[in-house]
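The values are calculated or read from the model by the stated rules, or taken from the named source; none is laboratory data. Since this is a predicted model, take the numbers as computed values, not measurements. Positions of Cβ are backbone-derived with ideal geometry, glycine not excepted, and every protein chain shown enters the neighbour counts. All accessible areas refer to the heavy atoms of the entire protein, side chains included, with ligands and DNA or RNA removed. Shrake-Rupley method; radii C 1.70, N 1.55, O 1.52, S 1.80 Å.
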Amino acid sequence: MPLAAVLDHVAVAVPDIDKALGRWHAELGGGRLGGGDNGVFATRQLRFAGGGRLELLAPSPAADRPTFVSAFLDRYGAQIHHVTLMVADLRAALAELEQQGLDVVDVRFDDPVWHEGFLRPSQVGGLVVQIAQGALTEDEWARRTGQTPEDPAPGAARLLGPTLAHPDPGHVRWLWSLLGATVTGDDTELCCTWPHSPLDVVIVAGEPGPRHLRMRGTVPRPAEAGVGPAVVSD
(Lines give C-alpha, C1' and ligand atoms only; values in the text may rest on other atoms or scores of the structure.)
Protein backbone atom coordinates (compact mmCIF):
# COMPACT_ATOMS: atom_id res chain seq x y z
CA MET A 1 0.00 0.00 0.00
CA PRO A 2 1.54 3.39 -0.95
CA LEU A 3 2.56 5.68 1.88
CA ALA A 4 0.63 8.88 2.43
CA ALA A 5 3.84 10.90 2.13
CA VAL A 6 4.94 14.32 0.92
CA LEU A 7 8.37 15.21 -0.45
CA ASP A 8 9.56 17.81 2.06
CA HIS A 9 13.09 18.81 1.05
CA VAL A 10 16.32 17.72 -0.59
CA ALA A 11 19.64 17.76 1.28
CA VAL A 12 23.13 18.43 -0.07
CA ALA A 13 26.33 17.54 1.78
CA VAL A 14 28.94 20.31 1.75
CA PRO A 15 32.23 20.77 3.61
CA ASP A 16 31.37 24.24 4.93
CA ILE A 17 27.89 25.73 5.22
CA ASP A 18 29.04 29.36 5.32
CA LYS A 19 30.93 28.93 2.06
CA ALA A 20 28.04 27.07 0.43
CA LEU A 21 25.64 29.87 1.37
CA GLY A 22 27.52 32.04 -1.11
CA ARG A 23 25.82 30.08 -3.90
CA TRP A 24 22.50 29.04 -2.45
CA HIS A 25 21.70 32.19 -0.46
CA ALA A 26 23.61 35.08 -2.00
CA GLU A 27 23.53 34.03 -5.68
CA LEU A 28 20.33 32.01 -5.96
CA GLY A 29 18.28 33.90 -3.40
CA GLY A 30 17.22 31.17 -0.99
CA GLY A 31 15.77 32.56 2.23
CA ARG A 32 17.53 31.18 5.30
CA LEU A 33 15.46 29.04 7.66
CA GLY A 34 16.40 26.88 10.62
CA GLY A 35 19.67 25.17 11.28
CA GLY A 36 21.75 23.78 14.05
CA ASP A 37 24.86 21.90 15.15
CA ASN A 38 24.71 18.80 17.36
CA GLY A 39 28.48 18.26 17.50
CA VAL A 40 28.37 15.64 14.72
CA PHE A 41 26.80 17.54 11.84
CA ALA A 42 25.58 21.06 11.15
CA THR A 43 22.56 21.99 9.03
CA ARG A 44 20.92 25.01 7.46
CA GLN A 45 17.74 25.08 5.39
CA LEU A 46 16.86 27.53 2.64
CA ARG A 47 13.50 28.25 1.03
CA PHE A 48 13.36 29.18 -2.67
CA ALA A 49 10.69 30.71 -4.89
CA GLY A 50 7.66 28.44 -5.02
CA GLY A 51 8.40 26.97 -1.58
CA GLY A 52 10.97 24.29 -2.45
CA ARG A 53 13.51 23.80 0.35
CA LEU A 54 17.17 22.79 0.30
CA GLU A 55 19.08 21.59 3.36
CA LEU A 56 22.83 22.08 3.60
CA LEU A 57 24.49 19.34 5.64
CA ALA A 58 28.11 19.64 6.83
CA PRO A 59 30.44 18.05 9.37
CA SER A 60 30.31 19.89 12.67
CA PRO A 61 33.44 21.97 13.39
CA ALA A 62 33.21 20.51 16.91
CA ALA A 63 33.49 16.88 15.72
CA ASP A 64 36.66 15.25 17.01
CA ARG A 65 36.47 12.20 14.74
CA PRO A 66 35.22 11.34 11.25
CA THR A 67 31.44 11.47 10.85
CA PHE A 68 28.99 10.07 8.32
CA VAL A 69 29.00 13.45 6.59
CA SER A 70 32.79 13.65 6.33
CA ALA A 71 32.90 10.04 5.08
CA PHE A 72 30.29 10.90 2.42
CA LEU A 73 32.25 13.99 1.34
CA ASP A 74 35.49 12.01 1.15
CA ARG A 75 33.83 9.47 -1.13
CA TYR A 76 31.50 11.59 -3.27
CA GLY A 77 32.38 15.25 -2.73
CA ALA A 78 29.74 17.97 -2.31
CA GLN A 79 26.71 16.13 -3.65
CA ILE A 80 23.02 15.40 -3.13
CA HIS A 81 22.84 13.35 0.08
CA HIS A 82 19.17 12.59 0.73
CA VAL A 83 15.55 13.51 0.23
CA THR A 84 13.09 13.68 3.10
CA LEU A 85 9.52 12.38 2.92
CA MET A 86 7.11 13.47 5.65
CA VAL A 87 4.40 11.15 6.96
CA ALA A 88 1.71 11.58 9.61
CA ASP A 89 2.47 8.27 11.37
CA LEU A 90 6.06 7.05 11.19
CA ARG A 91 5.42 3.75 12.95
CA ALA A 92 2.74 2.81 10.44
CA ALA A 93 4.94 3.91 7.53
CA LEU A 94 7.90 1.87 8.74
CA ALA A 95 5.71 -1.19 9.21
CA GLU A 96 4.48 -0.88 5.62
CA LEU A 97 8.01 -0.46 4.23
CA GLU A 98 9.28 -3.44 6.19
CA GLN A 99 6.33 -5.53 5.00
CA GLN A 100 7.42 -4.72 1.44
CA GLY A 101 10.91 -6.05 2.17
CA LEU A 102 12.75 -2.75 2.71
CA ASP A 103 15.28 -2.37 5.50
CA VAL A 104 14.65 0.79 7.54
CA VAL A 105 17.67 1.80 9.65
CA ASP A 106 18.66 4.39 12.26
CA VAL A 107 15.08 4.75 13.49
CA ARG A 108 14.65 7.35 16.23
CA PHE A 109 11.66 8.30 18.36
CA ASP A 110 13.54 10.07 21.18
CA ASP A 111 12.79 13.65 20.07
CA PRO A 112 9.21 14.65 20.95
CA VAL A 113 8.80 16.75 17.77
CA TRP A 114 10.88 14.76 15.24
CA HIS A 115 10.83 11.03 14.46
CA GLU A 116 12.83 9.47 11.63
CA GLY A 117 14.09 6.38 9.84
CA PHE A 118 16.18 5.85 6.69
CA LEU A 119 16.24 3.68 3.59
CA ARG A 120 19.76 2.67 2.57
CA PRO A 121 21.18 3.98 -0.73
CA SER A 122 21.58 0.40 -1.93
CA GLN A 123 17.79 -0.02 -1.77
CA VAL A 124 16.99 3.23 -3.54
CA GLY A 125 19.77 3.59 -6.09
CA GLY A 126 22.58 5.68 -4.67
CA LEU A 127 20.48 7.99 -2.50
CA VAL A 128 19.43 8.05 1.15
CA VAL A 129 15.68 8.46 1.69
CA GLN A 130 14.68 9.83 5.08
CA ILE A 131 11.14 9.04 6.27
CA ALA A 132 10.13 11.47 9.00
CA GLN A 133 7.28 12.66 11.18
CA GLY A 134 7.47 16.22 12.49
CA ALA A 135 5.30 18.41 14.71
CA LEU A 136 6.59 21.86 13.67
CA THR A 137 6.22 24.06 10.60
CA GLU A 138 9.34 25.24 8.78
CA ASP A 139 9.05 28.67 10.40
CA GLU A 140 8.61 27.07 13.83
CA TRP A 141 11.75 25.00 13.20
CA ALA A 142 13.66 28.17 12.37
CA ARG A 143 12.57 29.86 15.58
CA ARG A 144 13.29 26.71 17.60
CA THR A 145 16.92 26.91 16.45
CA GLY A 146 17.20 30.62 17.17
CA GLN A 147 16.85 31.75 13.55
CA THR A 148 14.56 34.36 12.08
CA PRO A 149 12.91 32.74 9.04
CA GLU A 150 13.49 34.57 5.77
CA ASP A 151 11.42 34.70 2.62
CA PRO A 152 13.22 34.03 -0.67
CA ALA A 153 14.90 37.11 -2.10
CA PRO A 154 13.09 39.01 -4.88
CA GLY A 155 13.90 37.20 -8.12
CA ALA A 156 15.07 34.07 -6.30
CA ALA A 157 15.43 30.87 -8.30
CA ARG A 158 12.81 28.15 -8.02
CA LEU A 159 14.08 24.78 -6.77
CA LEU A 160 12.37 21.98 -8.71
CA GLY A 161 14.13 18.92 -7.32
CA PRO A 162 16.93 16.42 -7.87
CA THR A 163 17.64 14.31 -10.94
CA LEU A 164 18.82 10.78 -10.19
CA ALA A 165 19.77 7.82 -12.36
CA HIS A 166 18.79 4.16 -12.07
CA PRO A 167 19.14 1.29 -14.57
CA ASP A 168 15.85 -0.49 -13.72
CA PRO A 169 12.69 1.51 -14.55
CA GLY A 170 10.49 -1.25 -13.15
CA HIS A 171 12.14 -0.98 -9.76
CA VAL A 172 11.90 2.82 -9.92
CA ARG A 173 8.15 2.67 -10.57
CA TRP A 174 7.58 0.17 -7.77
CA LEU A 175 9.73 1.91 -5.15
CA TRP A 176 8.69 5.51 -5.67
CA SER A 177 5.02 4.54 -6.03
CA LEU A 178 5.36 2.80 -2.66
CA LEU A 179 6.83 6.05 -1.31
CA GLY A 180 3.63 7.86 -2.22
CA ALA A 181 4.63 9.36 -5.57
CA THR A 182 2.68 9.48 -8.79
CA VAL A 183 5.19 8.16 -11.33
CA THR A 184 4.84 9.25 -14.96
CA GLY A 185 7.02 9.06 -18.06
CA ASP A 186 8.73 6.34 -20.06
CA ASP A 187 11.65 4.02 -19.36
CA THR A 188 14.22 6.70 -20.27
CA GLU A 189 12.90 9.34 -17.86
CA LEU A 190 10.43 9.04 -15.02
CA CYS A 191 9.03 11.89 -12.94
CA CYS A 192 7.87 11.35 -9.35
CA THR A 193 5.44 13.91 -7.92
CA TRP A 194 3.59 14.22 -4.61
CA PRO A 195 0.39 16.15 -3.90
CA HIS A 196 1.02 19.41 -2.06
CA SER A 197 4.79 19.36 -2.66
CA PRO A 198 6.59 21.96 -4.80
CA LEU A 199 9.40 19.46 -5.40
CA ASP A 200 9.65 16.37 -7.57
CA VAL A 201 12.25 13.70 -8.32
CA VAL A 202 13.27 12.93 -11.91
CA ILE A 203 14.96 9.59 -12.57
CA VAL A 204 16.76 8.86 -15.83
CA ALA A 205 18.25 5.63 -17.15
CA GLY A 206 21.86 5.04 -16.14
CA GLU A 207 24.21 3.98 -13.39
CA PRO A 208 22.61 4.55 -9.97
CA GLY A 209 23.20 7.82 -8.18
CA PRO A 210 22.37 11.53 -8.08
CA ARG A 211 23.09 13.70 -11.11
CA HIS A 212 22.18 17.33 -10.40
CA LEU A 213 19.59 19.73 -9.02
CA ARG A 214 17.05 21.34 -11.34
CA MET A 215 16.19 25.01 -10.82
CA ARG A 216 14.21 27.58 -12.76
CA GLY A 217 15.10 31.26 -13.11
CA THR A 218 18.87 30.89 -13.08
CA VAL A 219 21.75 29.97 -15.36
CA PRO A 220 23.30 26.50 -15.17
CA ARG A 221 26.10 26.06 -12.66
CA PRO A 222 28.76 23.34 -12.56
CA ALA A 223 29.40 21.13 -9.58
CA GLU A 224 31.82 22.78 -7.19
CA ALA A 225 33.76 20.94 -4.50
CA GLY A 226 33.02 23.53 -1.83
CA VAL A 227 29.38 24.37 -2.50
CA GLY A 228 27.46 21.47 -4.01
CA PRO A 229 26.25 19.61 -7.10
CA ALA A 230 25.64 20.98 -10.57
CA VAL A 231 22.54 23.07 -11.17
CA VAL A 232 20.65 22.56 -14.42
CA SER A 233 18.31 25.32 -15.59
CA ASP A 234 14.87 23.93 -16.39
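Among the residues of the range 36-49, those identified as open to solvent by less than 50 Å² (accessible area, probe 1.4 Å) and not polar (S, T, N, Q) are Gly36, Gly39, Ala42, Arg44, Leu46, Arg47, Phe48, Ala49. Within the range 10-27, residues that are modelled with pLDDT of 95 or more sit with their Cβ atoms under 8 Å from residues that are among the hydroxyl-bearing types (Ser, Thr, Tyr) and open to solvent by 70 Å² or more (accessible area, probe 1.4 Å), at 6+ positions apart or across chains, in these pairs: Ala13/Tyr76. Out of the residues in the range 50-69 that are free of Cβ contacts under 8 Å to residues at least 24 places away in the same chain and open to solvent by 30 Å² or more (accessible area, probe 1.4 Å), which is nearest to the chain's Cα centre (by Cα)? Checking each candidate, the answer is Pro66. For Arg75, the stated conditions do not hold, so it cannot be described as within 25 Å of Val201 (Cα to Cα) and either open to solvent by less than 10 Å² (accessible area, probe 1.4 Å) or in a strand (DSSP E or B) (or both).
Taking the range 211-230 as the search range and keeping residues that are open to solvent by 40 Å² or more (accessible area, probe 1.4 Å) and assigned to a strand (DSSP E or B), which one is farthest from Ser122 (Cα to Cα)? Out of the qualifying residues, it is Arg216. Scanning the range 78-92 for residues that are of a type outside the set (D, E, K, R) and open to solvent by 10 Å² or more (accessible area, probe 1.4 Å), we see that the one that is nearest to Ser197 (Cα to Cα) is Met86.
Looking across Arg75, Arg47, one residue alone is charged (D, E, K, R) and either touching a Phe, Trp or Tyr at 6+ places or on another chain (Cβ under 8 Å) or closer than 21 Å to Thr137 by Cβ (or both). It is Arg47.
The criterion of being open to solvent by less than 10 Å² (accessible area, probe 1.4 Å), farther than 20 Å from Ala153 by Cα, out of contact with any Cys (no Cβ under 8 Å at 6 or more places or on another chain) and not β-branched (Val, Ile, Thr) does not hold for Leu33.
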